[in-house]
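Nothing in this text is a laboratory measurement; each read-out follows from the coordinates by a stated rule. In this text, all values refer to a predicted model and were calculated from it rather than measured experimentally. Using ideal geometry, Cβ is built from the backbone for each residue, glycine included, and neighbour counts are taken over all protein chains shown.
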Amino acid sequence: MIWSISWKNIWRNKLRSLIVVIAITLGLLAGVFSSALMNGIIERRIRAAIENEVSHIQIHNKNFMENIEIGYNINNANEILDKLASFPEVKHVSKRMKITAMANTPSQGTGVNLIGVYPEKEKQVSSLYKYINDSSGTYFDAKKKNSIVVSQKFADKLNLNLRSKVVLTFVGTDGTLTGAAFKVVGIFKTSNSAFDEMNAFVRFDDLARLTNFDTSSAHEIAILLNDKNQTNEVAAKIASAFPQQSTMTWLELQPDLGMIAEFLNLWLYVFVIIILLALGFGIVNTMLMAVLERVKELGMLMAVGMNKKRVFSMIMLETIFLTLTGGALGMLVGAVVVYVTGETGIDFSAYAEGFSAIGYESIVYPTIGIDYYLGVTSLVIITGVFASIYPARKALKLNPSEAIRTEM
Amino acid sequence: MKVIEIKNLHKIYDESTVPVHAVNGIDLSYEEGEFAAIVGPSGSGKTTMLNMLGGLDSPTKGEITINNIKISDMKPSQLIDFRLNNIGFVFQAYNLIPVLTAKENVEFIMQLQKWPKEERAKRALELMKAVGLEGRENSRPGKLSGGQQQRVAVARALASKPKFILADEPTANLDSKSTETLLDIMEKLNKEENITFIFSTHDARVVKKARRVITVEDGKVISDENK
Ligand SMILES: Nc1ncnc2c1ncn2[C@@H]1O[C@H](COP(=O)(O)OP(=O)(O)OP(=O)(O)O)[C@@H](O)[C@H]1O
Ligand SMILES: [Mg+2]
């Protein structure tokens, strides 16, 4: 009964309640949508980082991460690869050489991370090859010796075109300088220009031959899993299987991404809490009006025997129903908008240069997890409860005999 | 049998600033089955007295006993339950919950008393019939005339099976035709069901129907006539 009275009471002043409901709806829509937008940007960035740059897990020689030297290699790399193949969670693996080199053309010179790969294996682990478009060559399709795939950024810096030659100089395993001319066979461009600028790719065998590197060994083993959520447990398994090596997850390899994701998660809630706080004051105000204009009626109800608990519950339920109506509507509209824009994407290419300079894509796909919706729903309920306390207490303070006498 | 006994009742408002002696030493008692009016000029203390009788206000001094239970020193929370189970109220206006239908308004009291659903609905229909509103059960108060609303209020007041019904100027907002209908219904309930009614009024036609008329002035009873 009290439930139904409360619900009906909300609609006594339709316009006023509707305004509150719309305010809550819009507030939550704004909150949910912008949260999904920010989350979408970060998720894409993390996905791009995993797909193009770090994979889920990497194995190195323990000294390698501190000091990229050709001698800090994983000498039983092939053995490890074989064993990893028997892990059911592991989807693909690829081993790499990784050395620093000087790249020179007749006019320019620059340093670069030279990554030696087995193209077929590498394509299974890294999506980088997808960032070479039809007019900018291929990812080592032709079986020519001393081919190099570079980024657009790198090519621009050194005035390189497809089929241009660049001379690479690096230190061999014996400590002497060595090098060769490489021919550009592919030019890629990812959304992360800092990554692009630093890295260039050659065949593992070419690099091993030039440096006298043992081909059964490697500097880096990149591992792609079937499920990103298993990263930590699989990493632990790998670490205990190969204790002489260093095993790192994408989060350890790119700690900034983890920090951003964590900070974002916190921020998204802070954001919604601020919105709800503002809405909460509006709700309190509305309910206070609703109580004050019903003083006589509330007095009558107390006079005829409605006790304090029931009066309090009635006003409290009214506030919560009002809040939840707006809340449910806001979440629904928010979810629909997030879903639709999440499918179509929102094009920020007008600002894309700024985005890609820090590694972000220009088309944003808003997305947010179900746990966020659940979290916000709880916050909405909490807001309703808190907003109801003051008006409900106001109603309790009424003295029935005076309330009935009140002139209105 | 005595339903109400009042001894040396006083009510002083604003004691600290400018005290108003609204009720100034009243001794009275009511028997079961009375149909009694309280009259007196505006400000004479009728409402104040009725509020204390109904347990809506506490006396500054004196004693009120209802069915041998002393209510004058009950706590407000005890009084709420006492009112619910012992006293029916009809006010001048704002008697009904606007979002409920007439029948739901009558049922409301029984619901507070936790009656089973079927009994509640049955009694509400009987009471609607008793106040001559058969067929208007599902109308909301806003769709009823002032007189009809007051009749629903009487039905609501009866619903809890109270010891007596207090009505503070129940006809003040009604035209003469509605006043007469309401009074007839109250009188019939009094005669046939032995319901005790205590009401205040300014209306001479209402006073005429009363079997006992208590006149108050300046918070004191100046006459108490039985007809
Ligand atoms: N809450 C209050 N605070 C202070 N004085 C009050 C209060 N309620 C009533 N009074 C005063 O007490 C006196 C009695 O008032 P009461 O309302 O009981 O009179 P009444 O006989 O019911 O009058 P009416 O016929 O106009 O309804 C009046 O002087 C009134 O101003
Ligand atoms: Mg009065």
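Of the residues A:400, A:216, A:128, the one whose Cα sits farthest towards the positive end of the charge dipole of chain A is A:400 (charges of +1 on Lys and Arg Cβ, -1 on Asp and Glu Cβ, taken about the Cα centre). Mean projected area of the convex hull spanned by the Cα atoms of segment A:63-243, taken over all viewing directions: 10.7 nm². Taking every C-alpha pair closer than 8 Å and separated by at least 6 residues, the mean separation divided by the residue count of chain A gives a relative contact order of 27 percent.
Taken along the Cα-to-beta-carbon direction at a fixed 7 Å, the label points for residue A:239 and residue A:143 span 4.2 nm. Each Cα pair of the protein assembly as shown feeds into the Kirkwood radius, which the Stokes-Einstein equation turns, at 4 °C and 1.567 mPa s, into a diffusion coefficient of 41 µm²/s.
Remark: B:48, A:173, A:406, A:231 ranked as A:406, A:173, A:231, B:48, counting other beta-carbon atoms within 10 Å and listing the fewest first. What does the net charge come to around residue A:79 if you take all other residues with beta carbon closer than 13 Å to its beta carbon, with K and R at +1 and D and E at -1? Local net charge: 0. Here chain B is treated with +1 on each Lys and Arg Cβ and -1 on each Asp and Glu Cβ, and its dipole about the Cα centre works out to around 600 debye.
First check a/c for segment A:64-171, with a ≥ b ≥ c the square roots of the eigenvalues of its C-alpha gyration tensor; if it is under 1.5, answer rounded, and if not, answer prolate when a/b is larger than b/c or oblate otherwise. Because a/c hits 1.5 or more and a/b fails to exceed b/c, segment A:64-171 counts as oblate. Each residue in A:323, A:367, B:17, A:377 was given a count of other beta-carbon atoms within 10 angstrom of its own, and listing them fewest first yields B:17, A:377, A:367, A:323.
Taking the Cα centre of segment A:63-243 as origin and assigning +1 to Lys and Arg Cβ atoms and -1 to Asp and Glu Cβ atoms, the resulting dipole is close to 600 debye.
Each of A:42, A:315 was scored by other Cβ atoms within 10 Å of its Cβ. Listed from fewest to most, they are A:42, A:315. Ordering A:204, B:179, A:261 by Cα displacement along the dipole of the protein assembly as shown toward the positive end leaves B:179 in first place; charges were set at the Cβ atoms of Lys, Arg (+1) and Asp, Glu (-1). 3J(HN,Hα) along segment A:9-26, derived from phi through the Karplus expression 6.51 cos²θ - 1.76 cosθ + 1.60 where θ = phi - 60°, amounts to 4, 4, 8, 5, 10, 4, 4, 4, 5, 4, 4, 5, 4, 5, 4, 5, 4, 5 Hz, with x in place of Gly and Pro.
Remark: the protein assembly as shown carries a charge dipole of roughly 1140 debye about the Cα centre, counting +1 on each Lys and Arg Cβ and -1 on each Asp and Glu Cβ. Close amide H pairs (under 5 Å, H built 1.01 Å from N) link residue A:116 with A:97, A:98, A:99, A:202, residues at least 5 positions away or on another chain.
The spacing between segment B:117-166 and segment A:33-47, judged by their C-alpha centroids, is 61 Å. Think of segment B:41-164 as a dipole: +1 on every Lys or Arg Cβ, -1 on every Asp or Glu Cβ, centred on the Cα centre; then among B:106, B:55, B:79, B:106 lies furthest on the positive end.
Approximating the spin labels as points 7 Å out from Cα along Cα→Cβ, the residue B:161-to-residue A:344 distance works out to 6.7 nm. Mean separation of Cα pairs under 8 Å and 6 or more residues apart, divided by the residue count, gives segment A:291-408 a relative contact order of 51 percent.
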